[in-house]
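Report on one structure; see the data block that follows.
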Amino acid sequence: MSAWRGVNRTISQYLPVTDKTPVVSLCEGNTPLIRAHNLEKIIGGELEIWLKYEGLNPTASFKTAA
């Protein structure tokens, strides 16, 4: 498994870029998902709950729902 290279580099094959195009990346994307086993037990039922660990974003940005 290779290290994450960021969204821009990962999808560059689909973008109009060449080897001369400068790519700027903070290794964004690939925010880890963590399974919430305890929350699953509290809610019960046949389900899986996964939470995004937003604190590991390279810019430490958090998103909120309005």
Can you run down the residue pairs with Cβ atoms below 6 Å, 6 or more apart or on separate chains, where the first is in the stretch 7-32 and within 23 Å of residue 57 (Cβ to Cβ) and the partner is aromatic (Phe, Trp, Tyr) and in a loop (DSSP other than H, G, I, E, B)? 27/4; 30/4; 32/53
Taking the residues in the stretch 22-44 that are assigned to a loop (DSSP other than H, G, I, E, B) and at pLDDT 85 or above as candidates, determine which candidate is surrounded by the most Cβ atoms within 10 Å (Cβ to Cβ). 36
Cβ contacts < 6 Å: first residue closer than 30 Å to residue 28 by Cβ, restricted to the stretch 38-55; second residue of a type in the set (D, E, K, R) and open to solvent by 70 Å² or more (accessible area, probe 1.4 Å), any location; separation 6+ or different chain. Result? 50/35
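The values are calculated or read from the model by the stated rules, or taken from the named source; none is laboratory data. These figures come from a predicted structure and were not determined experimentally. Positions of Cβ are generated from backbone atoms using ideal geometry, with glycine treated the same way; all protein chains shown enter the neighbour counts. Calculation scope for accessible area: heavy atoms of the full protein, side chains included, ligands and nucleic acids excluded. Shrake-Rupley method; radii C 1.70, N 1.55, O 1.52, S 1.80 Å.
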